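The values are calculated or read from the model by the stated rules, or taken from the named source; none is laboratory data. Keep in mind that what you see is a predicted model, and the values were worked out from it rather than measured. Neighbour counts run over all protein chains shown; Cβ positions are idealised from the backbone, glycine included.
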Amino acid sequence: MYLRIIILILIFFSNSLAEEISGVPKIVDGDTVYINDNKFRLEGIDAPEVKQQCKKESLKISSIIGFTFYKDYSCGKVSKEKLTSKINGSEIKCIFTSKDRYKRYIATCYKKKTNLNQWMVRNGYAIAYRRYSKKYVPDEDFAKENKLGLWQGKFMNPEKWRKLN
């Protein structure tokens, strides 16, 4: 009984400790932005790194033969460009409750009512960062099923790419 009360109190206070910062961001990559001197990591998502290359279908030879040619493209740059284009120089609001080991605020960011974290995953420009959150898995499934963004071709998980590079 006491444990439940303590848990409820902790949940209440952790939610009430959320803070927000608004401003026109500088986009670092598909999951990182600056507002003024504050660096934000978009919570629950992982976007390709700016230098990361992925593969996109360039030619498919009939389903009978089943052979597809792929060409490399800068998926990390595309991810950054898509977030930049979506924000389009507008003010955004980032809501955060904590910092990571790199001193970045872990945040959910919004342009008006659009959750930018969710938008990036749902359109295939980032993946759900399952290690930290399952929140955007349904959005990733949607992008995968509809072959959006990264899901149009082949790519290495950004976390794995970072470890290898």
Exercise. Restricting attention to segment 20-48, which residues are more than 11 Å from the chain's Cα centre (by Cα), in a loop (DSSP other than H, G, I, E, B) and either under 23 Å from ARG122 (Cβ atoms) or not β-branched (Val, Ile, Thr) (or both)?
Worked result: PRO25, ASN36, ASP37
Exercise. Would segment 72-92 turn up any residue that is touching a helix residue (DSSP H, G or I) at 6+ places or on another chain (Cβ under 9 Å), farther than 22 Å from ILE21 by Cα, aliphatic (A, V, I, L, M) and modelled with pLDDT of 95 or more?
Worked result: yes
Seminar exercise, completed: The number of residues in segment 124-150 that are buried (at least 18 other Cβ atoms within 10 Å of the Cβ) and within 27 Å of ASP72 (Cβ to Cβ) is 12
Seminar exercise, completed: Exactly one of LYS51, LYS77, LYS39 is of a type in the set (Lys, Arg), surrounded by fewer than 16 Cβ atoms within 10 Å (Cβ to Cβ) and closer than 24 Å to CYS109 by Cα, and that residue is LYS51
Exercise. What are the residue pairs meeting all of these: first residue in segment 90-113, first residue over 17 Å from LYS135 (Cβ atoms) and aliphatic (A, V, I, L, M), second residue part of a strand (DSSP E or B) and at pLDDT 95 or above, Cβ atoms under 7 Å, and 6 or more apart or on different chains?
Worked result: ILE92/SER22; ILE92/CYS109; ILE92/TYR110; ILE92/LYS111
Problem set entry | Single match in SER85, SER58 (criterion: surrounded by fewer than 14 Cβ atoms within 10 Å (Cβ to Cβ) and free of Cβ contacts under 8 Å to residues at least 12 places away in the same chain) | SER85
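If only one of LYS147, LYS163 is in a helix (DSSP H, G or I), of a type in the set (D, E, K, R) and out of contact with any strand residue (DSSP E or B) (no Cβ under 8 Å at 6 or more places or on another chain), which one is it?
Exactly one of LYS147, LYS163 is in a helix (DSSP H, G or I), of a type in the set (D, E, K, R) and out of contact with any strand residue (DSSP E or B) (no Cβ under 8 Å at 6 or more places or on another chain), namely LYS163.
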